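Here is the structure we will look at.
The values are calculated or read from the model by the stated rules, or taken from the named source; none is laboratory data. If you're wondering where the values come from, they're calculated on a predicted model, not measured in any experiment. We place every Cβ from the backbone using ideal geometry, glycine too, and count neighbours over all the protein chains shown. Please note that ligands, DNA and RNA were not included when accessible areas were found on the heavy atoms of the full protein model with its side chains. Shrake-Rupley method; radii C 1.70, N 1.55, O 1.52, S 1.80 Å.
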Amino acid sequence: MAGREFVQARTKPQMSDKLSNPILTTTAHGTQPHSYLNDHENLEPIHDDLDQGHTGKDLIASALPLHPGRGRLTKGDRHFSTDDTGLKKKILATHALENEDLDVKPVLSIIEDILQLGKPLDTIQGAQVPAHSESYEKSFRSAYNDSEIVKMLAYPINKISCEIICKCSAGEEAQSIAIALLKSLSHYGWDAKVVITFAAFAVSYGEFWLVEHLRTKNQLAKHVAALKDLPETMEQQEVMEKQFKDVVKLLGTVLIATHIIIKFKELPSQYITWESPEMVNATAHIPTTVYWIIRSILACASILLNLVGGGHEYITTTAVSWDILGLENKLSHMADHLQRELEKCNELIEAKKRNDAFAALKKLFETSHIDNMKILRALIHAREDQRPIFDGTRKINEGLEVLRMKYVLLLISDLDLPQEELHILHLIYNQQIMRHEYEVLWLPIVDHATSMSPTQESLFLELRKSMPWYSVEHPSLVDPVAIRYIREIWNFTHMPLLVVLDPQGRVSNVNALPVMWIWGSPAFPFTKQRELALWAESSWNIVLLADSIDPRITEWIKDNKFICLYGGEDIEWIRKFTAAVRTITTALHLPLEMLYVGKSNPKDKVRRCHEIIDRDQLSHTFPLRDYYDYVWFFWVRLASMWNSKLQHGMTVENDKIMQEIMLMLTYDGSEQGWAVFSRGQYEMTKGKGDILLTVLANYDKWGYKVDHPEKFVPVLEEEIAGVHPEHHCNRLILPGSTGYIPERVVCSECGRIMDKYVMYRCCTD
């Protein structure tokens with residue numbers, strides 16, 4: 001130990017202070033390792049009150065106006081406590097309110113390069129300095145190439161560099177040096193204070209490694225290394241790497257903390273002001289963080305200074321390593337806290353940006369345009385050179401220009417798009433494909449907050465493949481602001497919508513699906529005015545009820561055949577009913593066609609009825625492969641008619657068609673079968689299952705009245721009206737998507753006001 005004391009005294013007689021010589025301190029009890037920290041300071045967090053004497057206004061004029069917080073420290077603030085409130089006051093007292101706003105990122109870029117190039121960090125495991133991101137790289141390089149900031153700060157950087165060397169060599173305490181440096185930099189913002197001090201250290205750090213790298217190749221570097229008495233690389237490499245592992249790790253944390261402080265300064269003032277409570281709270285601890293960054297830089301500088309002149313005798317100590325690790329741990333916690341606060345500010349900013357974008361989109365939809373391109377580009381986020389929509393017919397990608405000045409029907413759904421709706425819409429779309437009246441564009445709505453799973457990706461591609469119209473190339477191209485607009489303004493939740501945009505991008509119908517289900521392409525351009533005009537032309541007959549359901553019905557109407565549509569799920573009733581009808585129409589020589597239309601929300605019973613009817617040839621059925629789609633279509637058309645009438649202010653009391661729709665819905669709500677009879681597109685009558693069987697069974701009593709085919713339906717209607725069961729129980733189940741429930745509904749059979757209930761149903765067949 002005595003020999004080591006002699007060497008230390010011989011090589012550095014002027015550096016006896018704890019900071020200037022952190023390696024050894026000679027005491028009366030011998031030579032002991034000592035930290036570069038002051039005795040009265042330690043790195044363990046101490047809970048105390050933040051300074052109550054400063055407000056946000058005290059610092060608002062600075063380049064980075066940062067505000068000390070008020071009140072007691074919370075659990076998350078514990079790493080920001082210093083040894084006493086006096087030190088905090090000293091830190092804040094060094095800061096002048098009037099200072100110049102500087103962009104110091106170009107200087108920080110140079111510092112990063114020095115840290116990266118100074119030492120091959122892949123040899124120092126776990127101590128790598130974070131590489132700068134691509135965005136920082138571009139902005140830093142651009143600024144570095146032609147910025148005057150580097151020249152402007154060259155003098156204060158070298159001044160601070162000299163000050164660090166002199167004060168450390170003079171044996172001053174770390175706290176005193178840090179406060180002195182802050183005073184020297186009083187007219188700079190907090191971010192500039194850090195970067196200038198960091199750059200001052202980087203000069204010495206870079207010079208050290210420049211000599212180290214060149215000493216074996218360059219005679220000048222060799223002589224400089226000799227005069228500095230630097231340790232031999234080959235002989236002391238293991239010791240040096242162990243020493244610098246902790247130093248480099250601390251420098252990496254300093255770099256991270258510096259970046260975070262700069263990012264606070266870059267927050268856009270139009271979205272968050274320095275006076276806002278969020279910013280006051282977020283930046284309250286930056287002055288303290290700046291102080292500890294400077295303390296960390298001083299610790300690293302002390303290590304570097306002690307290498308100069310240390311030669312072969314320089315050996316690290318456990319105490320110094322623990323001090324470096326303690327600083328790194330403390331600063332890391334402080335950086336983590338600032339990062340969390342920065343993220344809160346960014347979340348607030350992003351929310352405000354989204355709100356501004358949402359307001360802009362609302363205004364865009366309210367503004368007149370010469371075409372629809374602005375609206376389409378607002379809905380679909382794509383690059384100028386990108387072809388963001390997929391042509392389902394030609395199987396190629398197209399640009400949005402193919403939709404310019406066209407009626408565009410936006411099919412909006414999630415990935416759980418009901419196949420029956422897709423199938424029927426496909427059939428309707430094909431009816432107009434030669435006329436090119438409109439184009440359909442599918443906008444799949446998915447959550448952008450999470451990436452799509454492989455299953456979702458596969459499902460999207462399968463759906464897109466099955467569509468003959470346009471689709472977005474990928475759900476991620478649907479703008480998030482547009483998704484919010486679709487949900488909040490167009491009220492999309494889960495059920496598909498078909499929003500109609502006219503050639504100028506105006507919304508002419510928020511949901512044209514009901515109109516599409518009722519009339520198909522003849523409802524073009526799907527406006528409310530066109531819908532009213534179609535209702536004015538319509539009357540309750542087989543054409544309105546079922547013409548578009550099945551092409552066979554259209555042929556039967558043309559041939560003026562008698563048509564019977566029937567439903568229910570009681571197969572025994574179906575057998576009796578179809579047999580009785582066949583017997584009567586055969587006796588009367590009536591050309592009759594029967595079609596089974598099942599029941600709304602068809603389940604296994606309806607499927608089994610379809611199979612039996614088809615197998616036993618009891619009547620016509622829908623194609624078994626797609627029976628569910630056609631049954632669904634029949635009943636959704638009735639529901640769409642009901643909803644359309646309601647939206648136009650019609651009621652059961654004043655509208656004949658609504659009365660007939662209600663009767664059909666009442667039949668469907670019962671457990672019995674039912675049937676509708678029509679002669680071509682002319683007379684039509686209907687009845688419930690038990691009444692119909694009674695009437696048909698009494699054919700011998702009324703058959704003679706049908707002395708001409710045209711009289712069959714009127715006579716049948718008369719007979720049905722003449723049957724009055726002693727008891728009846730009618731249930732009316734209104735469409736779930738109606739959004740309006742009439743306060744008063746009259747029974748279609750007896751005229752009494754029906755009781756109203758809320759029904760929950762679970763039917764597993």
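When you scan region 459-476, how many residues do you find that are open to solvent by less than 20 Å² (accessible area, probe 1.4 Å) and either aliphatic (A, V, I, L, M) or out of contact with any helix residue (DSSP H, G or I) (no Cβ under 9 Å at 6 or more places or on another chain) (or both)?
Looking only at that region, the number is 3.
Between a first residue in region 680-699 that is within 10 Å of ILE720 (Cα to Cα) and free of Cβ contacts under 8 Å to residues at least 40 places away in the same chain and a second residue that is outside any strand (DSSP E or B) and polar (S, T, N, Q), which pairs have beta carbons less than 6 Å apart while being 6 or more apart in sequence or on different chains?
Listed pairs, sorted by first residue: LYS688/GLN672.
Testing LEU409 on (1) over 18 Å from LYS374 (Cα atoms); (2) surrounded by 14 or more Cβ atoms within 10 Å (Cβ to Cβ); (3) touching a residue at least 40 places away in the same chain (Cβ under 8 Å), one condition comes back false. Which one is that?
(1)
Within the set of pairs 6 or more residues apart or between chains, which connect a residue that is surrounded by fewer than 18 Cβ atoms within 10 Å (Cβ to Cβ) inside region 581-605 to a residue that is part of a strand (DSSP E or B) and of a type in the set (Val, Ile, Thr) with Cβ atoms less than 9 Å apart?
What qualifies is GLU593/ILE563.
Right, GLU569: within 30 Å of ARG582 (Cβ to Cβ), charged (D, E, K, R) and either open to solvent by 10 Å² or more (accessible area, probe 1.4 Å) or modelled with pLDDT of 95 or more (or both) or not? Before the answer, list the steps.
On the way: within 30 Å of ARG582 (Cβ to Cβ): yes; charged (D, E, K, R): yes; either open to solvent by 10 Å² or more (accessible area, probe 1.4 Å) or modelled with pLDDT of 95 or more (or both): yes.
Criteria met by GLU569.
Of all residues in region 660-714, count the ones that are in a helix (DSSP H, G or I), within 22 Å of SER640 (Cα to Cα) and not hydroxyl-bearing (Ser, Thr, Tyr). Full working, then the answer.
Of all residues in region 660-714, those in a helix (DSSP H, G or I) come to 660-669, 689-697, 699-705, 709-714.
Subset that is within 22 Å of SER640 (Cα to Cα): 660-669.
Now restrict to residues that are not hydroxyl-bearing (Ser, Thr, Tyr): 660-665, 668-669.
Adding up the residues that qualify gives 8.
Is at least one residue of region 405-420 among the β-branched types (Val, Ile, Thr) and part of a strand (DSSP E or B)? Spell out the reasoning first.
Applying the first criterion (among the β-branched types (Val, Ile, Thr)) to region 405-420 yields 408, 412.
From what is left, the residues that are part of a strand (DSSP E or B) are 408, 412.
Looking through region 405-420, at least one residue is among the β-branched types (Val, Ile, Thr) and part of a strand (DSSP E or B).
Taking only pairs six or more apart or across chains, which ones have beta-carbon atoms under 7 Å, a first residue in region 341-368 that is among the aromatic types (Phe, Trp, Tyr), and a second residue that is open to solvent by 50 Å² or more (accessible area, probe 1.4 Å)?
PHE358/ARG484; PHE365/VAL507
Only one of (1) outside any helix (DSSP H, G or I); (2) open to solvent by less than 70 Å² (accessible area, probe 1.4 Å); (3) under 27 Å from LYS352 (Cα atoms) is not met by ALA449, so which one is it?
(2)
When residues of region 330-368 are filtered for being surrounded by fewer than 14 Cβ atoms within 10 Å (Cβ to Cβ) and of a type in the set (S, T, N, Q), how many remain?
The qualifying residues number 3.
Look at region 635-659 and say how many of its residues are touching a helix residue (DSSP H, G or I) at 6+ places or on another chain (Cβ under 9 Å), modelled with pLDDT under 90 and not hydrophobic (A, V, I, L, M, F, W, C).
8
Of the conditions (1) touching a helix residue (DSSP H, G or I) at 6+ places or on another chain (Cβ under 8 Å); (2) open to solvent by less than 10 Å² (accessible area, probe 1.4 Å); (3) farther than 28 Å from LYS558 by Cβ; (4) not charged (D, E, K, R), PHE677 fails just one. Which one is it?
Checking PHE677 against (1) touching a helix residue (DSSP H, G or I) at 6+ places or on another chain (Cβ under 8 Å); (2) open to solvent by less than 10 Å² (accessible area, probe 1.4 Å); (3) farther than 28 Å from LYS558 by Cβ; (4) not charged (D, E, K, R), the one that fails is (3).
Just checking, which of ALA546, ALA512, ALA533 is under 49 Å from the mean Cα position of the chain (by Cα) and open to solvent by 10 Å² or more (accessible area, probe 1.4 Å)?
Working: ALA546 fails: open to solvent by 10 Å² or more (accessible area, probe 1.4 Å); ALA512 fails: open to solvent by 10 Å² or more (accessible area, probe 1.4 Å).
Within the list ALA546, ALA512, ALA533, the selection yields ALA533.
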